[in-house]
1. Taking the residues in the stretch 54-98 that are among the small types (Gly, Ala, Ser) and touching an Asp or Glu at 6+ places or on another chain (Cβ under 8 Å) as candidates, determine which candidate is nearest to Asn31 (Cα to Cα).
2. Looking only at the stretch 170-191, filter to residues that are surrounded by 12 or more Cβ atoms within 10 Å (Cβ to Cβ) and among the hydrophobic types (A, V, I, L, M, F, W, C); which one of those is farthest from Glu85 (Cα to Cα)?
3. For the stretch 87-98, indicate whether the set of residues that are among the aromatic types (Phe, Trp, Tyr), surrounded by 15 or more Cβ atoms within 10 Å (Cβ to Cβ) and under 21 Å from Phe2 (Cα atoms) is non-empty.
4. For the stretch 84-191, please list each of the helices (runs of 4 or more DSSP H) lying entirely inside it that holds at least 2 residues being of a type in the set (D, E, K, R) and free of Cβ contacts under 8 Å to residues at least 40 places away in the same chain.
5. Considering only the stretch 14-82, give the strands (runs of 3 or more DSSP E) lying wholly within it that have at least 1 residues that are crowded, with 16+ Cβ neighbours inside 10 Å and over 17 Å from the mean Cα position of the chain (by Cα).
6. If you take the residues of the stretch 1-13 that are of a type in the set (Gly, Ala, Ser) and buried (at least 20 other Cβ atoms within 10 Å of the Cβ), which of them is farthest from Phe147 (Cα to Cα)?
7. Looking at the stretch 32-55, I want the residues that are on the phi > 0 side of the Ramachandran plot and have a partner that is surrounded by 11 or more Cβ atoms within 10 Å (Cβ to Cβ) with Cβ atoms under 8 Å, at least 6 apart or on another chain. Which pairs are those?
8. Would you pick out the residues in the stretch 1-58 that are among the aromatic types (Phe, Trp, Tyr) and within 17 Å of Glu86 (Cβ to Cβ)?
Amino acid sequence: MFKLLIGIGNPGRKYNNTRHNIGWEVIDAFNKIIESENVYKNKEYEISKGIYNHLEIYTMKSLTYVNNSGPPLKKVIKKLNLKIEEILIFVDDINLPLGIVRLKTNGSAGGHNGLKSIFNEMQTQNIARLRLGVGVKEIYNHELISFVLGKFKKTEYKYVDGMIKECLLALDNIFQNGIVKAMESTNRKSR
């Protein structure tokens with residue numbers, strides 16, 4: 001079962017509500033549910049802890065920017081004495097339409113530099129993740145960096161809010177029924 005939930009994102013106010021930081025928004029929403037306490041913070045990461053379904057759960061935000069998400073995660077895994085199978089990553093995905101959520105236990109980084117950094121540090125791609133669709137970049141006709149660092153439009157907020165709720169439902173499903181059943185139901189849903 002998962003003991004550490006990781007949100008990928010960039011530190012700093014200017015990145016609030018950007019596509020790249022949707023993983024942090026899910027972590028923030030989950031932290032409210034479990035009434036978590038911040039237990040550790042340094043220049044590389046922030047760790048909070050709470051209880052969910054009678055289990056002690058840690059959440060983490062990397063503070064080293066998306067492209068360098070791997071090194072702090074490796075340190076936290078060592079600090080908390082966890083196994084790779086006990087972590088779940090929340091990550092934005094430009095290959096999924098806005099609002100779509102997909103749960104995976106392995107596979108490539110799909111061009112995401114944060115995942116590449118994590119896979120490089122962990123020496124495996126067999127890491128569970130919830131992929132959060134932030135809109136397919138071709139639809140918006142932007143340059144990639146501007147797109148992922150761009151803020152959601154007002155007209156998109158209902159999809160973003162729905163996606164965060166969908167992630168929380170998927171998490172509950174994971175803890176209640178296991179990841180295989182959670183994958184079946186989460187990946188079957190669409191907007």
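The values are calculated or read from the model by the stated rules, or taken from the named source; none is laboratory data. The structure displayed is predicted, hence computed values, not measured ones. Every residue, glycine among them, receives a Cβ derived from its backbone with ideal geometry; neighbour counts consider all protein chains shown.
1. Only one residue fits best here, namely Ser62.
2. Among those that are surrounded by 12 or more Cβ atoms within 10 Å (Cβ to Cβ) and among the hydrophobic types (A, V, I, L, M, F, W, C), it is Ala170.
3. yes
4. 157-177, 179-188
5. The qualifying strands (runs of 3 or more DSSP E) are 45-52.
6. Gly7
7. From the stretch 32-55, the pairs are Glu35/Gly50; Asn53/Phe175.
8. Phe2, Phe30, Tyr45, Tyr52, Tyr58
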